[in-house]
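The values are calculated or read from the model by the stated rules, or taken from the named source; none is laboratory data. Fair warning: this is a prediction, and the values are worked out from it, not measured in the lab. FYI the Cβ positions are ideal-geometry reconstructions off the backbone, even for glycines, and counts take in every protein chain you see. Keep in mind that these areas ignore ligands, DNA and RNA; they rest on the heavy atoms of the full protein, side chains included. Shrake-Rupley method; radii C 1.70, N 1.55, O 1.52, S 1.80 Å.
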Amino acid sequence: MKHNILKLVILLFFCTSNSFAQKPNIVLILADDLGYGDVGYTGSTQIKTPHIDELAADGVIFTQGYASAPVCGPSRAGLMTGRNQVNFGFDNNPVRLLPQFNAEYFGLPITEKTVADRLSELGYVNGLIGKWHLGDEPHFRPTKRGFHEVWTYPYGGHHYFKSEPEGERYLSPLESNYKTPDPITYLTDDTGNESVDFIRRHKDKPFFLYASFNAPHAPLQAIEEDLKLYAHIENERRRTYCAMVHRLDVNVGKIVAELKKHKLYDNTIIVFLSDNGGPVASKDPWTINAPYRGAKGILLEGGVRVPFSITWPKNIKAGSAYNEPVSALDLTPTFVESAGGKITAADKLDGVNLAPFISGEKTEAPHPNLKWRFTISASMLEGNWKLIRLPDRLPLLYNLSEDKSELNDVASKHPEMVIRMLKELGDWDVSCPQVLYLEGGIYKKRQLDQYDSEYQLTQPN
Ligand code: CA
């Protein structure tokens, strides 16, 4: 009898402590290669994204939100750790390993703690639905990196309509540790449906859902019904891409609706962002990063500035805008500290908890500066000033407050600032370890050419 009473007291204690804690759920919705200007709230005149817009309008929109790299892999390595990936050698995309490198190091180093590892320690159940791209060797798989449930595929992307039992790369079979994956219907819908299912199954405990959509990354493949919505667009690639973004938006809507259905929406931190800028092909480009110049693969704003919002009705006022530069690196500490964890200097994170900045408790900018290093290039943003260092020319300096499209290089007018910023950027650069592996050399020339390309800086009529 005494024993049973003791059990009951312990049980009651845990029940009440859980309900008192009210840890927020966390839903991180990542779009892949979505152009800055390709959602409604960033000014798209062609693509309608009512669900993404409504979600952003219900929270805070970051007008200057950045990815930590202009391509998928490194950007995700930063996103998942809160550390600038260059600080652990993850500069490059893990796509094809060159023969002189070691596959054992072809992914997010196992010495790095992921946000999912940290949230696990706080009692969260973590799910990855969709693209991983942080290593395909067994020790890099998401189930080894803090995710309890995964529905994913190897390599850096996937075909939208099918996989094959022995398929490789874009045709690889789907992988899951909680079910035998159903055949693909349309990958974006499947990712949305699995995300909804994850929410439903875990609605009674704090969860972290990483809804990592393949869309609207290539291959450009859309469903007929969605293509009809954009039949008026002549450029076939643009038309397909618009239809793909539409389907992404529909699935963002599904996720939000599921949270609302279970009355979880109020205390869920929902982030929407893209992992890098839209790729801009020289012929028939399909993404628009307007008003920014540049594209996926380079450090001009169009490569790294992304649609970025956080919604958390319980704690963030609807209709907010935050204008200081923030980084995707800030999400890990924001999630961990909002979940009751603590980040200390020993964690060596580059991101900061954004909550006190959004609330206005802290009025200074979250970062004295932001730095990027990507293969041949490096850049630094300090206040309005953006410096870019390339191997074939003098450093470039732009004043973003009056030249958001980076059209006027003013380096020659500010030599002292250029010298000071170059020094700081260079000191950081040489303090970082060697890269873990490299990408093919063809990208070097391609990147340089991209700095000199023409970009669409306004939305089409
Ligand atoms: Ca990407």
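Looking at H217, H202 in this structure, which one is open to solvent by less than 70 Å² (accessible area, probe 1.4 Å), more than 21 Å from P279 (Cβ to Cβ) and in contact (Cβ under 8 Å) with a residue 24 or more places away in the chain?
Values: H217 fails: more than 21 Å from P279 (Cβ to Cβ).
Result of the check over H217, H202: H202.
Does E364 satisfy the criteria of being among the acidic types (D, E), more than 16 Å from the ligand (Cβ to nearest atom), farther than 21 Å from D275 by Cα and out of contact with any Leu (no Cβ under 7 Å at 6 or more places or on another chain)?
Details: among the acidic types (D, E): yes; more than 16 Å from the ligand (Cβ to nearest atom): yes; farther than 21 Å from D275 by Cα: yes; out of contact with any Leu (no Cβ under 7 Å at 6 or more places or on another chain): yes.
It is true that E364 is among the acidic types (D, E), more than 16 Å from the ligand (Cβ to nearest atom), farther than 21 Å from D275 by Cα and out of contact with any Leu (no Cβ under 7 Å at 6 or more places or on another chain).
Assess whether F147 counts as being surrounded by fewer than 18 Cβ atoms within 10 Å (Cβ to Cβ), touching a residue at least 12 places away in the same chain (Cβ under 8 Å) and in a loop (DSSP other than H, G, I, E, B). So that I can check it myself, show each step before the final result.
Numbers: surrounded by fewer than 18 Cβ atoms within 10 Å (Cβ to Cβ): no; touching a residue at least 12 places away in the same chain (Cβ under 8 Å): yes; in a loop (DSSP other than H, G, I, E, B): yes.
Considered against the rule, which asks whether it is surrounded by fewer than 18 Cβ atoms within 10 Å (Cβ to Cβ), touching a residue at least 12 places away in the same chain (Cβ under 8 Å) and in a loop (DSSP other than H, G, I, E, B), F147 comes out as no.
Selection of the range 191-212 for residues being touching a strand residue (DSSP E or B) at 6+ places or on another chain (Cβ under 7 Å) and part of a helix (DSSP H, G or I) yields T191, E194, S195, F198, I199.
Every test in (1) open to solvent by 50 Å² or more (accessible area, probe 1.4 Å); (2) more than 30 Å from S320 (Cβ to Cβ); (3) not aliphatic (A, V, I, L, M) is passed by F374 save one, and that test is (1). So which residues in the range 154-185 are outside any loop (DSSP other than H, G, I, E, B) and free of Cβ contacts under 8 Å to residues at least 40 places away in the same chain, if there are any at all? Of everything in the range 154-185, those that are outside any loop (DSSP other than H, G, I, E, B) and free of Cβ contacts under 8 Å to residues at least 40 places away in the same chain turn out to be R169, L171, E175, S176. What residue, among those in the range 220-234 that are part of a loop (DSSP other than H, G, I, E, B) and open to solvent by 40 Å² or more (accessible area, probe 1.4 Å), is nearest to F161 (Cα to Cα)? Going through the qualifying residues, I end up with L220.
Pull up the range 55-71, narrow it to residues that are among the hydrophobic types (A, V, I, L, M, F, W, C) and within 12 Å of the ligand (Cβ to nearest atom), then point me to the one that is nearest to L400 (Cα to Cα). Lay out the reasoning, then the answer.
Just the residues of the range 55-71 that are among the hydrophobic types (A, V, I, L, M, F, W, C), to begin with: 55-57, 60-62, 67, 69, 71.
Next, from what is left, pick out any that are within 12 Å of the ligand (Cβ to nearest atom): 67, 69, 71.
On the way: A67: 17, A69: 19, V71: 22 Å.
Among them, the one singled out is A67.
Taking the criterion of being assigned to a loop (DSSP other than H, G, I, E, B) and either away from the ligand (no atom under 16 Å from the Cβ) or closer than 21 Å to P307 by Cα (or both), the residues of the range 97-109 that qualify are L97, L98, P99, Q100, F101, N102, F106, G107, P109.
Summed over the range 418-444, residues that are of a type in the set (A, V, I, L, M) and open to solvent by less than 40 Å² (accessible area, probe 1.4 Å) total 3.
Filter the range 264-317 down to residues that are modelled with pLDDT under 95 and either out of contact with any Lys or Arg (no Cβ under 9 Å at 6 or more places or on another chain) or open to solvent by less than 10 Å² (accessible area, probe 1.4 Å) (or both) and give me whichever is nearest to the ligand (Cβ to nearest atom). Top of the filtered list is S282. The residue pairs whose first member lies in the range 27-54 and is within 16 Å of the ligand (Cβ to nearest atom), whose second member is of a type in the set (D, E, K, R), and whose beta carbons are closer than 7 Å, counting only pairs six or more residues apart or on different chains, are L30/D275; D32/K131; D32/D275; D33/K296; Y36/R305; V39/D53. Among the criteria (1) more than 19 Å from the chain's Cα centre (by Cα); (2) assigned to a loop (DSSP other than H, G, I, E, B), the one A215 does not fulfil is (1). Applying the criterion of being surrounded by 15 or more Cβ atoms within 10 Å (Cβ to Cβ) and either among the polar types (S, T, N, Q) or assigned to a loop (DSSP other than H, G, I, E, B) (or both) to the residues of the range 408-417, the residue that is farthest from the chain's Cα centre (by Cα) is H414.
The lone criterion from (1) touching a helix residue (DSSP H, G or I) at 6+ places or on another chain (Cβ under 6 Å); (2) open to solvent by 10 Å² or more (accessible area, probe 1.4 Å) left unmet by R239 is number (1). If I filter the range 72-90 for residues that are in a helix (DSSP H, G or I), within 18 Å of P216 (Cα to Cα), within 14 Å of the ligand (Cβ to nearest atom) and small (G, A, S), do I get at least one hit? Scanning the range 72-90 turns up at least one residue that is in a helix (DSSP H, G or I), within 18 Å of P216 (Cα to Cα), within 14 Å of the ligand (Cβ to nearest atom) and small (G, A, S). Every test in (1) within 16 Å of the ligand (Cβ to nearest atom); (2) without any contact (Cβ under 8 Å) to a residue 24 or more places away in the chain; (3) among the acidic types (D, E) is passed by D226 save one, and that test is (1).
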